[in-house]
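Beneath this line is the structure, given in structure tokens, with notes to follow.
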Amino acid sequence: MNYLKTLIAVLLTVLFTACASTQQTTQPQTDTKEQATSAKTQSEHKPPSQLDRLVPNPINNEIPNAYYQAVDNGTRTMSGKPGKNYWTQRANYDMDVELVPEDTLIKGQSVITYYNNSPDTLNELFMELTQNYHKAGVQRNERAEITGGVNLKRLALDGTKLNQLQSRRDPSGYAVDGTIMYLRPSQPMVPGDSVKIEVSWDFKIPQQGASGRMGYSNDNLYFIGYWYPQMRVYDDVIGWMTDPFTGNAEFYHDFANYNVDITVPEQWMVASTGRLTNGKDVLKDNIYQRLTQAHQSDSVMHVVTQDDFGKVTQSGENGTLTWNFKADDVRDFAFSVTKESMWDATRVNVGDRNGDGTDDYTSINAIYRNSAPLWKHGAQFTSDAIGFLSQYTGLSYPWPHMTSVEGGGIIGGGMEYPMMTIIGRYQGRPAQALNGVIAHELAHMWVPMIVSSNERRYAWMDEGTTTFNENQAMSSYYPNGSDFNHNEFQNYLQIAGTDAEGPIMRWSDYQYNGAAYYVASYPKPASLLVSLRNLLGEETFNKAYRTFIDRWKYKHPYPWDLFNTFEDVSGRDLDWFWRSWYYETWTLDQAVGSVMPAKNGQGTTIIIEDHDQAPMPATVEITLSDGSTITRKVPVDRWLKGATQIPITVNGDVTKVVIDPNKNYPDNNRSNNTWKQ
């Protein structure tokens, strides 16, 4: 989700809650952990009592036992690769849903086929009823409209109706606790088994639902997300993921196939996750022809204009039409229903998807109302982002379309779903602002929509990576514009080293305040990817970054899979980096301590000091009295051995010294980075 909403919380934060940076640790019982610890304790550090700075110890004791158990089970590896026994659960969703605008109501029926690909016998199943976030008395971290939540009409397993559990002894049934639904089948699911779950439900659509991620606006726009009973994730590390949705940290879902019928009144347009299979049946012939032509064009074309309002769709029986969409290998499903909206479309080259030597294309759509004139650029911005990110990530966009929907009145920033995003009007803002939020939301198509991380616990894995990708896209679009990466440094540094900051690795819903959540999820992890690129070099970084994406596409990576992949590809032990920046709230402050004649009277000695606890290599640019410049480097190992001062001696008189002249790292105090004679 775009960070603008959370940024407001940062700007309004006046009283900061102190954030402890200590981490809970337990002593694992696995050989894997002992081996990893042994491999990383061969250091040159003096005892901490003899040092003037903290030591970034290895992170092995911070990795949960369950992760080491997954390594022992062969589903993960300490190299960052998925193990030979890796598995994920799968599901097929057949859904029939109707939107009733006059009642702001969704009515739905689902048949979910859930497959147990794990080696475990499942005695219970868990589902999510996200709309229960809007039910009275449910746990929430934010204020929300009360709509009554989900009304369950019918629930059955393999054709047998389930009733609510009345006691722990009941052989089968279900129970609902907030946004989580627990199902007890009459027979356990053994490995390789499947079960059919039938659900009928309805709910009143909140105006700004799920904290502004779905809803309706002006009686002519509905955006439906967070809306259907959905299987929770059962993975190889923690088993069932049952953390509730409380309004802030987002979702964690398995991949599935969807076949969805969406019934709406005629003259309302539907855009959705998936491929529209019956376009000829629901669109007027001229509109369908324009759409087909636009999706074969490299230029943006108008599919629906204001002159077409009221003449967009066919006529349907009883005044309604049913649109069918099918989607494969997606982790969620969302759709928009609009009337009196323009529709622009084009296509974009995403590279060779399948290795056949031929470039492939994805259809691009932008749907917007007259009240959002800046959206005339929407289709082009969407096209640019999908094309750039397909190239930058090394992974071609895999799905048939990407659709950006203007959702003013529901959302101010943006929210992502597979193949779909809803974004505010951006009225009165420069075009670059809309371009940036589109790039951000579309970058989410890679993480977490393909690389499916657990957003509810580790929001930084997708929001930080996405913010990084957004900034690379914007740097490409505006090469002579702002330094987007450095601006992100500043967003992080606004609370760095204060009591408002919390460590990145703290679970997202447990950050102590909005400022801590924002910084730990968005600008700090994005800044650290830039720092890691400068540390490793662009070629090595890109190889590691793309390797991580390739290894974990359509899988569920944990933070240590990311860390281990970078170490595996780079061939470097980076525990000091993960410890200093991800597990702690240490900051970087390198300084020019002094510049003086060398003791032997020949040349000049410069003292480089490290004032804070986060160690990083120092690049020192030195200008001599004859106008020439030389560069000296202080490797990070010098700081890791406990030093806080490093002398550099050069021949000749020195007139200027600058640490980190290219601003490669987020130094918390640049006022002491420069010395002039």
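If you check 411, 450 for being of a type outside the set (Phe, Trp, Tyr) and either over 27 Å from residue 232 (Cα atoms) or under 12 Å from the mean Cα position of the chain (by Cα) (or both), only one passes: 450. Against the test of being touching a helix residue (DSSP H, G or I) at 6+ places or on another chain (Cβ under 9 Å), polar (S, T, N, Q) and within 21 Å of residue 332 (Cβ to Cβ), the options 130, 77, 113, 88 yield a single qualifying residue, 130. Assessment of segment 556-576 against the conditions (outside any loop (DSSP other than H, G, I, E, B) and within 30 Å of residue 672 (Cα to Cα)) yields at least one matching residue.
In segment 307-321, the condition of being β-branched (Val, Ile, Thr) and in a strand (DSSP E or B) is met by at least one residue. Just one of the listed residues (219, 243) is open to solvent by 20 Å² or more (accessible area, probe 1.4 Å), modelled with pLDDT under 95, in a loop (DSSP other than H, G, I, E, B) and over 17 Å from residue 107 (Cα atoms), and it is 219. Of the listed requirements (1) within 24 Å of residue 105 (Cβ to Cβ); (2) open to solvent by 10 Å² or more (accessible area, probe 1.4 Å); (3) among the polar types (S, T, N, Q), residue 272 misses just one: (2). Exactly one residue among 438, 410 is among the β-branched types (Val, Ile, Thr), in contact with a Ser or Thr (Cβ under 7 Å, 6 or more places away or on another chain), open to solvent by less than 10 Å² (accessible area, probe 1.4 Å) and in a loop (DSSP other than H, G, I, E, B), and that residue is 410.
Is it the case that some residue within segment 441-456 is open to solvent by 10 Å² or more (accessible area, probe 1.4 Å) and basic (Lys, Arg)? No, segment 441-456 contains no residue that is open to solvent by 10 Å² or more (accessible area, probe 1.4 Å) and basic (Lys, Arg). Please go through segment 60-89 and give me each residue that is under 17 Å from residue 565 (Cβ atoms) and at pLDDT below 95, ordered by number. Result: 60, single match. Among residues of segment 181-191 being of a type outside the set (S, T, N, Q) and open to solvent by 20 Å² or more (accessible area, probe 1.4 Å), the one that is nearest to residue 144 (Cα to Cα) is 182. Counting only residues that are hydroxyl-bearing (Ser, Thr, Tyr) and either assigned to a loop (DSSP other than H, G, I, E, B) or open to solvent by less than 20 Å² (accessible area, probe 1.4 Å) (or both), segment 532-555 holds 2 of them.
A single member of 641, 633 is modelled with pLDDT under 95 and either open to solvent by 10 Å² or more (accessible area, probe 1.4 Å) or farther than 20 Å from residue 674 by Cα (or both), and it is 641.
Check segment 225-237 and report whether any residue there is over 29 Å from the mean Cα position of the chain (by Cα), at pLDDT 95 or above, assigned to a strand (DSSP E or B) and within 25 Å of residue 98 (Cβ to Cβ). So far as segment 225-237 goes, no, none of its residues is over 29 Å from the mean Cα position of the chain (by Cα), at pLDDT 95 or above, assigned to a strand (DSSP E or B) and within 25 Å of residue 98 (Cβ to Cβ). Among the residues of segment 319-330, just one is over 30 Å from the mean Cα position of the chain (by Cα) and surrounded by 21 or more Cβ atoms within 10 Å (Cβ to Cβ), namely 321. Restricting attention to segment 422-434, the residues that are of a type outside the set (Lys, Arg) and either assigned to a loop (DSSP other than H, G, I, E, B) or in contact with a His (Cβ under 8 Å, 6 or more places away or on another chain) (or both) total 7.
Out of segment 498-531, which residues are open to solvent by 10 Å² or more (accessible area, probe 1.4 Å) and farther than 16 Å from residue 580 by Cα? Scanning segment 498-531 gives 499, 507, 509, 510, 511, 512, 513, 514, 517.
Scanning segment 246-257 for residues that are modelled with pLDDT of 95 or more and open to solvent by 10 Å² or more (accessible area, probe 1.4 Å) yields a count of 2.
Take residue 579 and tell me if it is closer than 19 Å to residue 466 by Cβ and either surrounded by fewer than 23 Cβ atoms within 10 Å (Cβ to Cβ) or of a type in the set (S, T, N, Q) (or both). Answer is no for this residue.
Of the residues examined, residue 490 is not one that is open to solvent by 10 Å² or more (accessible area, probe 1.4 Å) and under 24 Å from residue 449 (Cβ atoms). The requirement of being touching a Gly at 6+ places or on another chain (Cβ under 9 Å), closer than 30 Å to residue 317 by Cα and open to solvent by 10 Å² or more (accessible area, probe 1.4 Å) is not satisfied by residue 206. Residues in segment 117-138 that are open to solvent by 20 Å² or more (accessible area, probe 1.4 Å) and within 24 Å of the chain's Cα centre (by Cα): 126 alone. When you scan segment 311-318, do you find a residue that is open to solvent by less than 50 Å² (accessible area, probe 1.4 Å), of a type in the set (D, E, K, R), over 30 Å from residue 111 (Cβ atoms) and modelled with pLDDT of 95 or more, even just one? No.
The values are calculated or read from the model by the stated rules, or taken from the named source; none is laboratory data. Everything numeric in this text was worked out from a predicted model, so none of it was measured. Every residue, glycine as well, gets a Cβ built from its backbone with ideal geometry; the counts of neighbours run over all protein chains shown. With ligands, DNA and RNA removed, areas are computed over all heavy atoms of the protein, side chains included. Shrake-Rupley method; radii C 1.70, N 1.55, O 1.52, S 1.80 Å.
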